Amino acid sequence: DLRRQITELTLATDTNIGVNGYGQLEVNASQYWVDDGSQSTGSHNSQPELERAFIQHSFTDSNAKLGFYTIDWGAVEIGGPLNVINPGVSVTDMDSGLDPQWLVSATWYWPDGNLSGFINPRAQLTQSDPVTLLDEPRYEAGLRYNLTGQGGDMAFYLAHLVPNTVLLDLSSSNVGLASAYQMAGLSLNRAWGMNLFKFDLAWKHGLQQNN
């Protein structure tokens, strides 16, 4: 389909920072050709996007990370109920991936597990059309406590989150809501013989939905 011809260019670099530091930068640019019907601005539309940019520092039993990146939660990789920190994942569009956000995170390690936490100072939202938010998104924060055993692992989650998708006011198409909610979760990942079983469970309080 000539209307959908795309050229993509990715520029990526990484480097060590001192003895225990590490940094990474990745920028992606897409060039649409021959009047791509999905682009309203014309036939040659370049869209450079920052895909990843962070610095990380490791200590004896912990590490800290600051920048623009994604955090994966839960055992289920695609469309899991716990993997909701970064917007973008959809069971109907598995190629969409996760959208990076500006995050601060840290992880503390010990022999049979770890504890990690993150703070997102301003949550980003996925919305198909511009809307006026009745409540501005606030911060997000969460903790993950992971225990590793023979043949598998288990993790517990607590988080204060903002919905990834704007909830539209059905009485007005250009007004939306993105009220914060609380989440508690459990994930299991265990191997039995030649089989690997994964399980995610999430309880969410205050998550609004259209009636």
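The values are calculated or read from the model by the stated rules, or taken from the named source; none is laboratory data. Everything numeric in this text was worked out from a predicted model, so none of it was measured. As a convention, Cβ positions derive from the backbone with ideal geometry for all residues, glycine included, and neighbour counts pool all protein chains shown. For accessibility, only protein heavy atoms count, side chains too; no ligands or nucleic acids. Shrake-Rupley method; radii C 1.70, N 1.55, O 1.52, S 1.80 Å.
From the list 189, 211, which one is out of contact with any Pro (no Cβ under 9 Å at 6 or more places or on another chain), at pLDDT 80 or above and open to solvent by 30 Å² or more (accessible area, probe 1.4 Å)?
Values: 211 fails: at pLDDT 80 or above.
Step by step, each of 189, 211 is checked, and only 189 is out of contact with any Pro (no Cβ under 9 Å at 6 or more places or on another chain), at pLDDT 80 or above and open to solvent by 30 Å² or more (accessible area, probe 1.4 Å).
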Report yes if some residue within segment 153-167 is modelled with pLDDT of 95 or more, of a type in the set (Phe, Trp, Tyr) and either farther than 25 Å from residue 67 by Cα or within 21 Å of the chain's Cα centre (by Cα) (or both); otherwise report no.
yes
Of the residues in segment 135-194, those that are touching an Asp or Glu at 6+ places or on another chain (Cβ under 7 Å) and either of a type in the set (Lys, Arg) or part of a loop (DSSP other than H, G, I, E, B) (or both) come to 162, 178, 179
Any residue in segment 133-159 that's among the β-branched types (Val, Ile, Thr): show its pairings with residues that are loosely packed, with under 13 Cβ neighbours inside 10 Å and in a loop (DSSP other than H, G, I, E, B) at Cβ separation under 8 Å, as long as the two are six or more apart or on different chains.
148/112
